[in-house]
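Undergrad: Before I ask anything, let me first share the structure, which is written out below as C-alpha cells.
The values are calculated or read from the model by the stated rules, or taken from the named source; none is laboratory data. If you're wondering where the values come from, they're calculated on a predicted model, not measured in any experiment. Because the Cβ atoms are built from the backbone with ideal geometry, glycine has one as well, and the counts that use them run over all protein chains shown.
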Amino acid sequence: MLGLEKELVKRLALMALLATGLLGCDADFGSVGGGGVFLEGKQAPPVKTKTLADVGGDMSKITSYRYPDPRMYQISFDDALKEHKPIVMEFATPGHCTQCDKQLQLMKEMMNKYEHQVLFLHMDQYFNPEAYDAFQVRGEPWTFVIDETGKVKVVYPGRMLYQEIDPLLTEMTAGKTGSVR
C-alpha cells in the first residue's frame with residue numbers, strides 16, 4: 001500500500017507543477033496589465049534596451065531566435081522613440097515559445113516591406129527583461145505598434161496575422177517617405 005501512496009503523491013505533485021507552468025502562459029495578471037493592455041493610448045515607456053553593439057555583435061547574446069535579422073537589434077527602444085517613426089515592438093522568446101518563431105517570421109516580412117518607414121524591434125525575455133517589465137508583458141508573443149509621437153496605438157496579444165498588421169502599417173505610413181538608416 002505504501003508504494004501506491006507514493007505514486008499518488010508523485011502524480012499530485014506533477015499535476016501541481018503542470019498547473020503552475022500553464023498559469024504563466026498568456027495569463028491575465030489583472031492590475032499589471034497581463035500584456036500591457038493598459039498602455040494602449042498612452043505614451044510608451046522610454047526603456048533602454050540592448051542592441052547588437054551592446055553585445056559585441058553576438059546575436060546569441062540578444063535573441064533566442066534561430067534566424068534573427070540584425071536589423072531588429074540596431075537601436076535601443078529609447079533611441080528609436082527619438083527617430084519619430086512608427087515602431088513595431090515584438091515581445092517574443094522563441095527559445096521557449098513556438099508561436100513566437102512564427103511571429104518573428106511575420107515581423108521579418110513586414111520589415112522587408114516597411115523597413116525605411118517603420119522601425120522593427122524584437123525583445124527576447126532572456127535578454128531584455130527590463131522591456132518586459134516596462135511594457136507589463138506577461139506571456140508571449142505580444143506586439144506593440146507605436147506611432148511616430150511615441151503613443152502606443154495598438155497592442156496585439158498572441159500571434160497576429162499579416163491581414164491584421166499590414167493595413168495598420170499602411171495607414172501609419174501613407175504619404176510618408178522614410179529615410180534610409
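Undergrad: With modelled with pLDDT under 95 and in contact with a helix residue (DSSP H, G or I) (Cβ under 9 Å, 6 or more places away or on another chain) as the only criterion, which of TYR162, TYR114 stands out?
TA: TYR162
Undergrad: While we're looking at this one, here's another question. Pull up the range 60-74, narrow it to residues that are under 15 Å from the mean Cα position of the chain (by Cα) and part of a loop (DSSP other than H, G, I, E, B), then point me to the one that is surrounded by the most Cβ atoms within 10 Å (Cβ to Cβ).
TA: Here the answer is THR63.
Undergrad: Let me ask another. State whether the residues of the range 127-148 include one that is charged (D, E, K, R), touching a strand residue (DSSP E or B) at 6+ places or on another chain (Cβ under 7 Å) and surrounded by fewer than 15 Cβ atoms within 10 Å (Cβ to Cβ).
TA: Taking the range 127-148 and keeping what is charged (D, E, K, R), we get 130, 133, 138, 140, 147-148.
Keeping just the survivors that are touching a strand residue (DSSP E or B) at 6+ places or on another chain (Cβ under 7 Å) gives 140, 147.
When the remaining residues are screened for being surrounded by fewer than 15 Cβ atoms within 10 Å (Cβ to Cβ), the result is none.
Scanning the range 127-148, I find no residue that is charged (D, E, K, R), touching a strand residue (DSSP E or B) at 6+ places or on another chain (Cβ under 7 Å) and surrounded by fewer than 15 Cβ atoms within 10 Å (Cβ to Cβ), so the answer is no.
Undergrad: Checking GLY95 against (1) modelled with pLDDT of 95 or more; (2) surrounded by fewer than 19 Cβ atoms within 10 Å (Cβ to Cβ); (3) among the small types (Gly, Ala, Ser): exactly one of these is not met. Which one?
TA: Single failed check for GLY95: (1).
Undergrad: Testing GLY57 on (1) part of a helix (DSSP H, G or I); (2) out of contact with any strand residue (DSSP E or B) (no Cβ under 6 Å at 6 or more places or on another chain); (3) small (Gly, Ala, Ser); (4) at pLDDT 90 or above, one condition comes back false. Which one is that?
TA: (1)
Undergrad: Next question. Among the residues of the range 82-90, are any among the β-branched types (Val, Ile, Thr), within 18 Å of TYR65 (Cβ to Cβ) and under 10 Å from the mean Cα position of the chain (by Cα)?
TA: So far as the range 82-90 goes, yes, one or more of its residues are among the β-branched types (Val, Ile, Thr), within 18 Å of TYR65 (Cβ to Cβ) and under 10 Å from the mean Cα position of the chain (by Cα).
Undergrad: Evaluate the range 168-178: report whether one residue or more is hydroxyl-bearing (Ser, Thr, Tyr) and part of a loop (DSSP other than H, G, I, E, B).
TA: Yes - at least one qualifying residue is present in the range 168-178.
Undergrad: Looking only at residues in the range 121-159 that are part of a loop (DSSP other than H, G, I, E, B) and touching a Leu at 6+ places or on another chain (Cβ under 7 Å), which one is modelled with the highest pLDDT?
TA: GLY150
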